[in-house]
1. Looking at (1) crowded, with 19+ Cβ neighbours inside 10 Å; (2) modelled with pLDDT under 95; (3) part of a helix (DSSP H, G or I), which is the one condition that is false for G119?
2. Could you grab the pairs with beta carbons closer than 6 Å, sequence gap of 6+ or different chains, first residue in the range 158-170 and touching a residue at least 24 places away in the same chain (Cβ under 8 Å), second one surrounded by 14 or more Cβ atoms within 10 Å (Cβ to Cβ)?
3. Looking at the range 69-88 only, could you name the residues that are at pLDDT 95 or above and surrounded by 13 or more Cβ atoms within 10 Å (Cβ to Cβ)?
4. Conditions first: (1) acidic (D, E); (2) at pLDDT below 80; (3) more than 20 Å from G239 (Cβ to Cβ). E62 passes all but one, so which condition is the exception?
Amino acid sequence: MTPERLGALLAEVSAGRLSPAAALEQLRHFPSEQLPFASIDHHRALRQGQPEVVFCAGKTVEQVVTICERLAAASGSFLGTRASEEQATALRARFPRLEWHAQARTVFLPPDPRPAPAGRGTVLVVCAGTSDLPVAEEAAVVAEAFGNRVDRMADVGVAGIHRLMAQGARLREAAVVIVVAGMEGALPSVVGGLVGVPVIAVPTSVGYGASFGGIAALLGMLNSCAAGVTVVNIDNGFGAAAAATRINRGEEG
């Protein structure tokens, strides 16, 4: 249940176009709905400004479809991360408007009508290398689903720093920058030294043996000497997008 949907429901009751009993029926599963295998939080968008998102990994196809059906019934929309192609195929059969982003591993049923992007400015997702793109795309797709204007900058890692320097205008125009990098994780420090807006660093598990599955990049980012850089977990494009959304909407309340 989004603030907009709840406001419209209350307006219908106030205008006499909808009976209180009918409104209560629509709010029957508010604030949460209990399933045998899940407790769905329909109140989260009102509390946090962002709805509950389905983490699809580890769930069966049937569980994902059922959860998404209940979210769609309550709000007209849903977003799922770390989805498999099998899960996406089953969801698309149920929801023909579904957007399946294979590289990002996300499934998104946009609201109808789809609202215009909001926020103070653009969320720029900067990706160090092509191998980091799955995580970067997760961040970009989630940020778009959360209603942000999103720009993408790919393959501008420190091995060819001139590629980043050539994009100075785009860096300066962003309201929030998400920087996704593996290997030694140096790119967020470089970006943090070039911009005056929040930088959210996302270490990836991309790298050779001594990268320790992304721990080397994580430690490098945590030890950044650039001011204004904060760090999320390894491969956590979703977490970066959620944080960027709150920052981008900070002046809107």
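1. So G119 meets the others, but not (3).
2. Within 6 Å, the pairs are V158/A186; V158/L187; L164/V156.
3. Within the range 69-88, L79, G80, T81, R82, A83, S84, Q87, A88 qualify.
4. Failing condition for E62: (2).
The values are calculated or read from the model by the stated rules, or taken from the named source; none is laboratory data. These numbers come from a predicted model, not from an experiment. Positions of Cβ are backbone-derived with ideal geometry, glycine not excepted, and every protein chain shown enters the neighbour counts.
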